[in-house]
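Read-outs throughout are calculated quantities, based only on the coordinates presented, and are distinct from any laboratory measurement. All figures in this text were calculated on a predicted structure; none of them were measured in a lab. Every residue, glycine among them, receives a Cβ derived from its backbone with ideal geometry; neighbour counts consider all protein chains shown.
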């Protein structure tokens with residue numbers, strides 16, 4: 001059974017800092033891994049999707065890496081801004097299915 | 001803009017009544033949609049997979065007679081909470097996968113807050 005874990009559960013940093021969010025998964029046979037952002041009381045916004053054959057994906061100040069063999073992914077946020085404050089979730093599809101298994105999320109607060 | 005839309009965003013209903021939540025894919029066809037439930041400060045819990053033209057597939061422990069799912073068209077799935085009770089109060093989110101792009105990205109709706117009083 002695939003399990004996804006995110007560390008830390010919460011993170012608070014001053015504005016301008018670079019930071020890394022971690023995601024680990026128990027079954028390395030994944031098709032892809034997706035990072036989402038969720039603002040309080042809102043739905044999810046897809047940030048980055050990394051295919052199993054890729055090592056990383058970049059979008060603006062965000063960079064996501066994937067190491068299948070170790071069952072890990074990281075989301076790197078450069079030059080953090082208060083508007084980056086949100087909960088960040090990683091998810092992987094269950095093998096052979098379209099269902100996503102989510103981590104518990106990292107609640108990020110960027111202090112001005 | 002949003003590619004998956006949910007309605008209503010917030011609904012308050014009396015205990016014992018039923019409430020319907022809609023999930024629409026706006027510019028793509030979705031043969032499969034997914035319904036999640038999220039409790040405060042917790043992650044998403046998959047409730048069921050909605051299949052266009054056939055019965056939904058429910059996750060273990062989810063009451064199919066309480067959470068009725070209908071996927072009557074390629075762009076619309078509905079979740080009906082039957083005879084709602086206060087413990088059904090939660091945030092409900094739907095999603096759909098867009099197979100047109102290279103990544104087959106999953107898009108989520110904005111979510112629906114249900115409060116049962």
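Over chain A, what is the relative contact order in percent, taking alpha-carbon pairs closer than 8 angstrom and at least six residues apart? Kindly include the intermediate steps, with their values, before the conclusion.
Numbers: 285 pairs, mean separation 41.3, N = 112.
Dividing the mean separation by the residue count of chain A yields 37 percent.
Determine the distance separating the Cα centre of the stretch B:1-21 from the Cα centre of the stretch A:27-82; give it in Å without decimals.
A separation of 29 Å, based on Cα centres.
Given labels modelled 7 Å from the Cα in the Cβ direction, how far is it in nm from residue B:45 to residue B:73?
Result: 3.2 nm between the two label points.
Return the equivalent ellipsoid semi-axes of the stretch A:1-63 as a descending list in whole Å, where each equals the square root of 5 times an eigenvalue of the C-alpha gyration tensor. It would help to have the intermediate numbers written out before the result.
Values: eigenvalues 94, 47, 36 Å².
After diagonalising the Cα gyration tensor, the semi-axes are 22, 15, 13 Å.
Compute the normalised compactness of the protein assembly as shown: alpha-carbon radius of gyration over 2.2 N^0.38 Å, N being the residue count.
Working: Rg = 17.7 Å, N = 229, 2.2 N^0.38 = 17.3 Å.
That works out to 1.02 for the protein assembly as shown.
At a Förster distance of 35 Å, what's the computed FRET efficiency of residue A:31 paired with residue B:115, Cβ-Cβ distance as r, to 0.05?
Details: r = 37 Å, r/R0 = 1.05.
Once rounded, the FRET efficiency stands at 0.45.
Consider just the alpha-carbon atoms of chain A and return their Rg together with their Dmax, both in angstrom.
Final numbers for Rg and Dmax: 13.4, 44 Å.
If you look at just the Cα atoms of chain B, how large are its Rg and its Dmax in Å?
That works out to 13.6, 45 Å for Rg and Dmax.
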